[in-house]
1. How high is the FRET efficiency from Leu8 to Glu38, r the C-beta distance, R0 35 Å, rounded to 0.05?
2. What 222 nm value per residue comes from the helices of the chain, counting each DSSP H run with n ≥ 4 as -39,500 (n - 2.57) and dividing by all residues, nearest 500 deg cm²/dmol?
3. In degrees between 0 and 90, to the nearest 10, how far off the longest principal axis of the chain does helix 51-67 point, with axes built from Cα atoms?
4. Set the Förster distance to 25 Å, then compute FRET efficiency between Ala18 and Lys72 from the Cβ-Cβ distance, nearest 0.05.
Amino acid sequence: MNQLKRALGMVWIALSIAAAYFCVFEFGLPKFVSGKQEDLVFGIIILFVLTPLIVIGLGTFGYYALMGEYDKPKHK
């Protein structure tokens with residue numbers, strides 16, 4: 001089970017990288033060049049609020065899973 005957790009850590013890190021790409025290049029930056037005010041606001045929210053939350057969250061979870069932090073038994 002611990003090997004599965006570590007392997008899934010790599011999956012979470014890969015998802016983090018994919019989310020960074022899609023949030024920036026597919027969702028965020030095209031909104032800046034559309035010329036509409038509501039698209040500009042949505043692009044700013046995507047780039048500066050949601051992208052860091054998603055990428056840091058997935059990356060941190062993947063890093064801890066990869067390093068074996070979830071393998072340790074709980075102390076009573």
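1. 0.40
2. -20500 deg cm²/dmol
3. Tilt relative to the chain: about 20 degrees.
4. About 0.30, to the nearest 0.05.
Readers should treat all values here as calculations from the given coordinates under stated rules, not as data from a laboratory. Bear in mind that the values here come from a model prediction, so they are computed numbers and not experimental data. When we count neighbours, we look across all protein chains shown, and the Cβ atoms used for this are built from the backbone with ideal geometry, even at glycine.
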